[in-house]
Amino acid sequence: MIKPRPAIENLKKYRPPQEGRSGKLRLDFNENTLGCPPQVIRALQRVLDPEMMTRYPEYDEGRRTLAAYFRVKPEEMLLTNGTDDALKTVCDTFVDPGDMLLVPAPTFPVYEFFHRVSGGEVTRIRYDDRFRFPTDEFAATLKKQRIRWVALGNPNNPTGTQIPKPALKALLLAAPETVVLVDEAYQDFSGQTVLPWIRQYPNLIVTRTFSKAFGLAALRMGCLFASPELIESLQRGQNPFTVNSLALLCACIAIRYSAQVRKYAEAVRANRAELSRWLKAHAIPFVPSAANFILTRVGEHAPEIARRLRDKKILVRDWSYDPKLQGYLRFTVGSRPQMRLLIAELERLKDLIETRDGKQAWNAMVDDPSTGWFT
């Protein structure tokens, strides 16, 4: 049998979303629960023809269009096949075997996935018991260890917490020779961005995606922003045709209707507050979120609660298959009727929900170094 590289052989197996999710209330993977602006679908139907489908993608015009929307120069931007491709490109460009990635714990596991595929090692620093970002520990580690790059979700997945701007600035200054990537996948829901900082900090990379608020997850469209010098290096490490023509076209159309996206994000924030109030009123531990989801601890019956919700065609993210994440569910926040449907079903299941303090379970989750893989 032909064996892969050790870095691949040692990877944990990826657990993709369950199939058959169409037609259900999808509160499990932080997607837009209402759909993209309908003008995108109509425009796509108009332009599709056999001649278009035969051409390789052309990027210059679309890059200029998106750069203007994000208020950057085209040379400060890289088109990517979703955020995942941006992360892979960073690793392909900068990571050698043995290089170190620094991440908080828990966080989006794909940062670590692509880094380990490249043969790198990982240092994790956990959030504290009040879910505050460990700024001092990060800064100290950057000074003591040789860190190749840092990956920071802001807001972070799965906690939904934000890193304060002063903390981000301190990290950028603490390690000017270290690449600091700030993943702003949920920026539309938080309202906070450091995108303009790419002109102040030559070690900063910012990523955005059209998969969340814009509702284009099926097309895998994203953007990476950095100084022209970093972008030039990253282009060398990227597949020249990584973004397909339809994804770029839809992104360029979607930004014309960004007012609809902002209205959706505003509604999500209001509905997030309503769900948070319900959880608090029922003494169910949860993490205050700046994203379009809420991480909550419902206790040992989490798998049964998730199953019963699924029987009602409501999908939520159950983390209990990981022994260190037992008792945790993550709820994507959608429209007001969708959230009231979720709350009504949770009311029917309240006898299964634990309301005790979740601090001990949280500590167990983040102390274990293997926690978080593909959750």
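The values are calculated or read from the model by the stated rules, or taken from the named source; none is laboratory data. Because the structure is predicted, anything quoted here is derived from the model rather than measured. So basically every Cβ, Gly included, is an ideal-geometry build from the backbone, and we count neighbours across all protein chains shown. Side chains included, ligands, DNA and RNA excluded: accessible areas come from the protein's heavy atoms. Shrake-Rupley method; radii C 1.70, N 1.55, O 1.52, S 1.80 Å.
Here's the yes/no breakdown for (1) touching a Lys or Arg at 6+ places or on another chain (Cβ under 8 Å); (2) not aromatic (Phe, Trp, Tyr):
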| site | (1), (2) |
| --- | --- |
| SER245 | yes, yes |
| ALA254 | no, yes |
| GLN260 | no, yes |
| TYR264 | no, no |
| ALA273 | no, yes |
| LEU279 | no, yes |
| ILE284 | yes, yes |
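Inspect the range 19-42 for any residue being more than 27 Å from ARG330 (Cβ to Cβ) and open to solvent by less than 50 Å² (accessible area, probe 1.4 Å) and give the result as yes or no.
yes
Can you spot a residue in the range 78-99 that is open to solvent by less than 50 Å² (accessible area, probe 1.4 Å), within 24 Å of ASN244 (Cβ to Cβ), part of a loop (DSSP other than H, G, I, E, B) and touching a residue at least 40 places away in the same chain (Cβ under 8 Å)?
no
Looking at ALA67 and the list (1) in a helix (DSSP H, G or I); (2) in contact (Cβ under 8 Å) with a residue 12 or more places away in the chain, which single condition is not satisfied?
(2)
Is it true that TYR264 is open to solvent by 10 Å² or more (accessible area, probe 1.4 Å) and either under 25 Å from GLN145 (Cα atoms) or part of a loop (DSSP other than H, G, I, E, B) (or both)?
The answer is no for TYR264.
Looking at the range 48-64, which of the residues that are touching a residue at least 60 places away in the same chain (Cβ under 8 Å) and touching a helix residue (DSSP H, G or I) at 6+ places or on another chain (Cβ under 6 Å) is farthest from TRP197 (Cα to Cα)?
Only one residue fits best here, namely PRO57.
Let me confirm something: among ARG269, ARG277, which residue is touching a residue at least 24 places away in the same chain (Cβ under 8 Å), over 25 Å from SER320 (Cβ atoms) and open to solvent by 60 Å² or more (accessible area, probe 1.4 Å)?
Within the list ARG269, ARG277, the selection yields ARG269.
Across the range 115-130, which residue is farthest from ILE8 (Cα to Cα) among those that are in contact with a Leu (Cβ under 9 Å, 6 or more places away or on another chain) and not aliphatic (A, V, I, L, M)?
Residue satisfying both the conditions and the ranking: ARG124.
Quick one: which helices (runs of 4 or more DSSP H) lie wholly within the range 133-251 and hold at least 2 residues that are over 29 Å from PHE331 (Cβ atoms), open to solvent by 30 Å² or more (accessible area, probe 1.4 Å) and touching a residue at least 40 places away in the same chain (Cβ under 8 Å)?
Ranges flagged: 228-236.
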